[in-house]
Structures are given as C-alpha cells and as structure tokens.
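See structure below.
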Amino acid sequence: MGQFHFSILLLLFFIIFPSFLTEVANSSCPIDFSYVETFPWDSTVCHEPIGKDCCLTLRNLFGIGLSQHLKKTQSFYLQDSNSSSSCISSFQTKLDNLKIPQIYSQCVNDSANEYVLRPSNCAGIKNIQDWVEKIGALSDLDSACNADLTKLTPCSACLDAGMKVTTKLASFDPNNTKCFFFTCFYAAAIVNQYGPEDPRASGCILNIQMAKENKDSSKLSSGVVVKLVSGILGVVLGVLVSVWLFLVYRKWEKKRRDLAVHEKYVDGVKSKVLPNTGAKWFNVGELEVATSGFSQKNMLGQGGHGIVYKGVLSDGNVVAVKQIFDLESIEDDEFTNEAQIISKIRHRNLLALRGFCVTSDYVQGKRRYLVYDFMENGSLDEHLFNRSRVQLSWPQRKNVILDVAKGLAYLHHGIKPAIFHRDIKATNILLDTEMKAKVADFGLAKQSKEGQSHLTTRVAGTYGYLAPEYALYGQLTEKSDVYSFGIVILEVMSGRRALETSTSATPLIADWAWALIKSGNTMDILEESIRREGPGGVMERFVQVGILCAHVMVALRPTIADALKMLEGDIDIPSLPDRPLPLADESFRSSYNSFAGPKVSVTKFYPNEGAGEHL
C-alpha cells in the first residue's frame with residue numbers, strides 16, 4: 001500500500017506542477033501556449049516517423065490558442081506579421097518540450113503572415129462586432145454547439161450548423177478562404193460553454209484527436225487491479241443499471257417531445273399552404289433518393305434564397321428540387337408565399353410547381369423544399385453570358401422575349417388580383433428542351449388586392465433590374481416588372497449584362513443603349529452574331545420596346561400587354577421620349593442628395609461585383 005500511495009502522489013506531481021515550469025512566452029505574441037503540454041492531444045502522430053496527419057493536428061492545436069485570443073480580445077487572428085512569427089516560434093518551443101522535431105514551420109504557407117488578420121480572410125470580418133453584423137447575434141451555432149460535444153450526435157449537429165454558417169459567409173465572397181476556421185474559432189471561444197481548452201468543446205469543433213489512455217501509467221500490479229475492481233463492482237453495477245434505465249427513459253421522453261414539436265411545425269407550415277393546390281406533398285426520403293442525398297454533383301446552382309438540385313423521381317421524371325435556406329422565420333413566409341402563388345397559376349410560359357416538402361428533426365432542424373419540372377436547357381443567363389454554351393440565334397431570342405412577355409401578361413392581367421413577380425432577370429428565365437422560355441422563382445412575388453394601383457413593400461430584387469421608383473421608395477406596381485422586362489430585352493438583343501461597371505463609363509444597359517440610339521447607331525446595340533440574321537426593322541423594334549419599357553419615368557412605360565402588342569407589330573411604338581440623366585451622372589447625384597426623401601445611396605445600384613446580387 002505504501003508503494004501504491006507513492007505512485008499516486010508521483011502521478012499528481014506530474015499532473016499539477018508542469019504548469020509552473022512553462023517558459024515565459026515571447027512578449028510580442030499575445031497567446032499563452034501552455035496548454036500544448038497539458039491538453040490531452042495525441043502527439044504520437046508527430047513523433048518519428050512523422051505521420052501524414054501531423055501538420056493537420058498541429059494546425060488544429062494552434063487553433064486552440066487563436067480561439068483563446070478571440071475570447072480574450074474579441075479579434076480574429078493576429079494584428080501583424082511580427083506577432084504571427086513570434087507565436088509560431090513560441091508554439092514550436094512548447095513542441096520542443098514534448099520532443100517533437102522542428103517541423104511546424106513546414107506546415108504553414110508563410111510563417112510571417114500565416115495568421116495575420118486581413119479583410120480578405122472572411123467577408124471583411126475582423127472582430128466579434130463584424131461577425132454579428134454579418135451573421136446576427138444568434139445563429140445555428142448557438143443552439144447546436146453549446147454543449148458537451150464528445151458524443152457523435154451532438155458533434156454532428158454542431159458541424160452541420162457550422163457548415164450552414166460557413167455557406168452563408170461564403171455567399172458574401174466565394175473567394176474567401178478562412179471562413180470555415182473563423183466559424184470554428186467562434187464556436188469554440190464564444191458559443192461553447194466549456195471553452196477552447198476543454199476537450200468537450202475543441203475535440204469536436206477543432207477536430208483534435210485525443211491521446212489514448214496509457215494503461216500502464218498507474219504502475220499497479222494486475223493483482224491490485226483485480227482486488228479493486230472486485231471490491232467496487234457490485235456497487236457500481238447496481239448504480240449503472242439504475243442510471244442506464246433512467247437515461248433510456250429520458251432519451252425516449254426527449255425524442256417524444258422533439259417529434260411533437262417538429263410535427264407541430266410541419267403541420268403549421270402545411271396549414272398555411274392552400275390544401276387544394278393540386279401539387280404533391282413529397283416525403284423527404286423520396287427527395288433524398290432522387291438527388292442521391294442532395295449530393296454536390298447534383299447541385300444545379302445556389303442563389304439568395306436556396307440551393308437547387310437535379311433529381312430523378314421513382315417514376316423516372318426528372319425534376320429540380322429547390323431547398324429553401326433555413327435562416328429566419330421570414331423564410332417560412334417566403335416559402336408559403338411561393339407555394340401558394342405558383343400553385344394558383346397554370347401557363348405555358350410560367351414554370352409549374354410539381355410539389356412541396358416540409359420536414360424537421362432535432363439533428364438537422366427545419367427543411368423546406370419546392371419541386372419543379374427540370375428545364376433541360378438551363379437559364380437564359382447561361383446562354384447569353386456563358387461562352388461554353390451555343391449562342392442563341394435571332395429567332396430563338398425573339399421567341400424568348402415573346403414568351404416572357406406572355407408569361408408576365410398572364411400574371412398582370414390573366415389573374416385577379418394581379419401578381420407582381422419582383423425579380424424578373426435572366427437567371428430566373430428557364431428554357432425547356434424546345435427552347436421555350438418559362439418565368440421561374442416566385443419567392444419574392446406579391447399579389448395585389450382588388451383595385452389596388454400599387455403596393456408599398458420592402459425592396460427586394462437584383463441590382464440592375466430594379467425599377468427606380470421601387471428601389472428608391474419601395475413603391476411596387478406592374479410597371480416595376482415592365483422595367484425589369486425592358487432590361488431583359490436589351491440583354492437578349494445586345495449580349496451585354498444589365499450592369500457593366502468594370503468596362504463601361506455608362507454601366508446601366510438602358511443608358512448605354514439610349515446613347516447609341518440618340519447618335520443614330522441603333523444597330524450597334526445588337527450582338528454581332530445576330531446583326532445579319534433577321535430583318536433590321538424588326539430587331540430595331542425590339543430594342544425600342546426594351547428602351548421604352550426600361551424608361552425611368554413610370555408613366556412613360558407601357559403595360560406588359562401593350563409591350564407585347566408592340567413586339568408583335570400589332571400597334572405602333574410611340575416616339576421614344578428622352579431619358580433623364582443616368583443615375584451615375586454627378587449632377588443627378590448632387591440634386592438627389594439635396595432632396596429630403598428616403599436616405600438611399602444612389603451608388604448602391606452600381607456594386608463592384610456587377611449584376612446578380614440580392615438586396
């Protein structure tokens with residue numbers, strides 16, 4: 001027994017006292033790396049021979065220090081290259097104490113700048129305040145990652161939440177490379193109650209492999225172990241059985257409550273959607289099979305409202321499955337809005353809805369899907385601006401413009417009360433196998449009330465396609481869709497994007513086209529590939545209708561019904577009225593800044609990234 005006591009005291013000595021023997025860190029490094037020698041990470045992968053996972057393990061271990069730094073200073077990464085180099089040196093010093101070779105400098109791309117904070121790291125985020133402005137005070141991380149993550153299920157839920165947040169950050173700038181790490185540091189330092197130095201947090205969040213228990217560390221003989229185990233086995237066995245029964249009951253009870261909550265949510269969403277829509281309610285299992293588990297290879301595209309996957313149903317029909325992002329409660333409203341509106345309409349130039357799916361569970365949370373017929377030829381945007389696609393001929397362009405006009409005319413005049421789409425653009429116009437155009441994506445659509453001339457609503461849509469009165473004042477009318485349609489006409493005829501900020505002094509396509517018309521060079525508007533394909537008079541008429549529809553003044557735009565008649569030559573096009581100065585003109589900005597109206601920046605309509613961004 002005396003030898004046993006001495007072994008225990010010796011073990012406690014080696015556990016407690018190393019913290020007093022650590023060296024003083026370099027003063028220019030703000031991180032204390034003492035945890036390297038005390039944290040129970042698996043250091044065997046970095047001993048001779050060096051394993052291939054050593055660098056990954058060391059980088060993740062370094063992440064504990066960066067998480068500590070974030071928790072202490074509210075700042076991601078380090079302020080300058082001196083701090084970065086000093087911290088890497090201090091980190092290696094701790095590794096030296098563990099007899100790990102001088103290898104960490106080989107694991108980083110640039111030791112002087114590897115951990116320096118830059119705006120390009122992740123969507124311009126530098127500190128917690130920037131994070132909250134981008135993600136919000138609460139996110140999926142707060143509910144999924146604030147727990148003991150040593151078990152597989154809570155760890156998986158936390159990682160899924162991290163991928164959702166990372167996806168959202170990537171949507172601000174797909175070229176950022178550090179967003180995943182920022183998400184991990186934030187989850188470990190700010191969200192998790194145990195903190196980055198606790199294996200219950202960092203083992204999962206920072207993916208650090210823990211050391212295996214050393215069965216010989218106690219130095220106890222097999223006889224002593226047998227006696228100790230025999231002495232406590234009877235008591236422990238009874239306690240364990242009782243605890244096991246209690247945990248089974250608690251788990252069953254929690255699952256029952258969770259299922260009740262999720263079923264209530266699903267029933268609530270279904271009740272908002274009209275029961276007689278004629279669309280099918282799909283089971284999520286059907287869609288998972290159809291899309292091969294929503295695999296990356298089946299992803300068709302990602303926008304501001306969700307991700308679209310290609311799928312094949314059990315009956316052989318090919319569909320497009322749109323997963324609505326689960327962010328805020330407003331997403332439920334947009335889902336039910338799109339489901340109700342598109343279920344009411346049946347027109348050959350509007351994309352038909354095949355069905356819905358609403359599901360929820362305690363691991364992945366709320367999920368909502370819309371199922372459409374698959375459009376084999378993709379979007380109009382791809383055919384106009386993706387040079388890998390075969391360019392559209394003049395007859396195809398003419399038919400696409402007429403198809404879109406007919407679809408919009410049905411929304412505005414074929415349904416009572418009228419429906420305003422709010423997001424007419426080239427990416428929301430899809431082409432079937434016969435190159436027939438169909439208007440799609442009704443997530444932002446609004447239905448007016450009988451006799452109502454306009455709606456005042458929050459501005460939503462895409463830069464370059466927004467009507468000025470809607471963008472500035474939030475006043476939505478049928479003429480707002482007409483403006484967007486005019487921009488689409490000019491894109492189709494010219495092959496030029498709605499906004500060309502990088503290559504043109506006149507970025508807005510309508511201002512550019514009007515300048516050519518005034519100078520008598522209307523044919524220069526046409527894309528070179530179609531200038532000799534059709535009658536010049538007809539093509540010039542289409543351009544003039546586009547200019548008229550995209551006029552700044554609401555009263556001077558035609559209705560979509562009249563625009564369709566002009567395109568088909570049934571009525572004459574009036575003399576094109578002069579246009580006000582372009583929005584980019586300095587005199588316009590000066591006069592606008594003196595106007596005591598809504599405080600909206602005019603430069604907002606000319607983003608550096610070009611067209612296609614959502615407000």
* Asked: What number of residues in the stretch 79-117 are modelled with pLDDT under 85 and among the acidic types (Asp, Glu)?
  -> 2
* To do: State the number of residues belonging to the stretch 502-530 that are buried (at least 19 other Cβ atoms within 10 Å of the Cβ) and touching a Gly at 6+ places or on another chain (Cβ under 8 Å).
  => 4
* Structure fact -> If we ask which residues in the stretch 133-151 are hydrophobic (A, V, I, L, M, F, W, C) and assigned to a loop (DSSP other than H, G, I, E, B), their number turns out to be 5
* Look at SER120 and say whether it is among the polar types (S, T, N, Q), at pLDDT below 90 and closer than 17 Å to CYS184 by Cα. => no
* Which one is farthest from ILE307 (Cα to Cα) among residues in the stretch 152-192 that are in contact with a Lys or Arg (Cβ under 9 Å, 6 or more places away or on another chain) and assigned to a loop (DSSP other than H, G, I, E, B)? -> ASN192
* Test set (1) surrounded by 15 or more Cβ atoms within 10 Å (Cβ to Cβ); (2) farther than 17 Å from ASP42 by Cα - GLN92 fails condition number -> (2)
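The rows are residues; the columns are (1) among the basic types (Lys, Arg); (2) modelled with pLDDT under 90.
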site	(1), (2)
ARG250	yes, yes
LYS255	yes, yes
ALA279	no, yes
THR291	no, no
PHE294	no, no
VAL319	no, no
* Asked: Quick check: is even one residue across the stretch 538-560 farther than 20 Å from LYS479 by Cβ, charged (D, E, K, R), in contact (Cβ under 8 Å) with a residue 24 or more places away in the chain and not in a loop (DSSP other than H, G, I, E, B)?
  -> yes
* Structure fact -> Across the stretch 30-49, the tally of residues that are under 22 Å from TYR115 (Cα atoms), part of a helix (DSSP H, G or I) and of a type outside the set (A, V, I, L, M, F, W, C) stands at 2
* How many residues are in contact (Cβ under 8 Å) with a residue 40 or more places away in the chain, among the charged types (D, E, K, R) and surrounded by fewer than 17 Cβ atoms within 10 Å (Cβ to Cβ) when one looks only at the stretch 143-188? -> 3
* Any chance the stretch 337-349 includes a residue that's at pLDDT below 80 and touching an Asp or Glu at 6+ places or on another chain (Cβ under 9 Å)? -> yes
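Would you check if CYS87 is closer than 15 Å to TYR35 by Cβ, in the same structural domain as ILE128 (by TED's automatic domain parsing) and either under 33 Å from the mean Cα position of the chain (by Cα) or crowded, with 17+ Cβ neighbours inside 10 Å (or both)?
Numbers: closer than 15 Å to TYR35 by Cβ: yes; in the same structural domain as ILE128 (by TED's automatic domain parsing): yes; either under 33 Å from the mean Cα position of the chain (by Cα) or crowded, with 17+ Cβ neighbours inside 10 Å (or both): yes.
Yes: the conditions hold for CYS87.
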* Asked: Listed residues GLU586, GLU613; which is at pLDDT below 95 and not assigned by TED's automatic domain parsing to the domain that holds TRP514?
  -> GLU613
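The values are calculated or read from the model by the stated rules, or taken from the named source; none is laboratory data. Note that this is a predicted model, so its numbers are computed, not measured. Don't worry about glycine lacking a Cβ; one is built from the backbone with ideal geometry, like all the others, and counts go over all protein chains shown.
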